[in-house]
Each structure stands twice: as C-alpha cells, then as structure tokens.
Amino acid sequence: MLSLVICDPAMLNRTPLFVQTGGFGQMDETPQKVLVVSPHPDDADFWCSGTIAKWLADGATVRYVLCTDGGKGTTNSAISSSELSEIREQEQA
C-alpha cells in the first residue's frame, strides 16, 4: 500500500492529511511506502515529522516531493534566492 501525506500549513487545524487506499483520515497501521508532498522544504519538518519518524522506525520507505526550492524563505537580505536554494537543497540531502 502506498500512503500519501500532504503537509500544507494552510490546512484547517494545521495537521497533515493522510491519504491511503480506501480514503482519507487517520491511519491505524504503519504504511509500507509513503510519499510526502510538501509545498516548501521545511513544511514536513513542522507539520508531520513525528509521524514520519515513527513510520521510518517501523520500517516504512519514505520519499519526499518538494514543490518549491525554498529560495524565498528568509528575511535575511544578505543572502540571495539562489544561495538560499542551494542551502535548502543541501539540507534535504
């Protein structure tokens, strides 16, 4: 079974959405394969890292899809967007 975790901070109640074969909602068992879809590189860290860590410890295979490169996520005017993107890519490695 492949499970999809959507980590979207704009979601109501700020909780991840778990999608699995058969529907949406709470999962009672550890999935074998997980795809985490996150708009920004750090969203999964804030919204579902505890769940992902548990699933990894229980033997799940986890892959991430990041929808942006993270190049706009700072208030530091001394760093360029491309420099920040490189940092975010290294953080994901």
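The values are calculated or read from the model by the stated rules, or taken from the named source; none is laboratory data. Being a predicted model, the structure only gives us computed values, none of them experimental. Cβ: placed from backbone, ideal geometry, glycine included. Neighbour counts: every protein chain shown. Keep in mind that these areas ignore ligands, DNA and RNA; they rest on the heavy atoms of the full protein, side chains included. Shrake-Rupley method; radii C 1.70, N 1.55, O 1.52, S 1.80 Å.
Some points to look at:
- Any chance Gly73 is at pLDDT 85 or above and either of a type in the set (Val, Ile, Thr) or closer than 23 Å to Ala93 by Cβ (or both): no
- Any hit, the stretch 50-65, residues being aliphatic (A, V, I, L, M) and over 30 Å from Glu29 (Cβ atoms): no
- If the condition is being at pLDDT 85 or above, assigned to a helix (DSSP H, G or I) and open to solvent by 80 Å² or more (accessible area, probe 1.4 Å), then the stretch 40-70 contributes Lys54, Leu56, Ala57.
- Any chance Val34 is buried (at least 17 other Cβ atoms within 10 Å of the Cβ), on the phi < 0 side of the Ramachandran plot and modelled with pLDDT of 80 or more: yes
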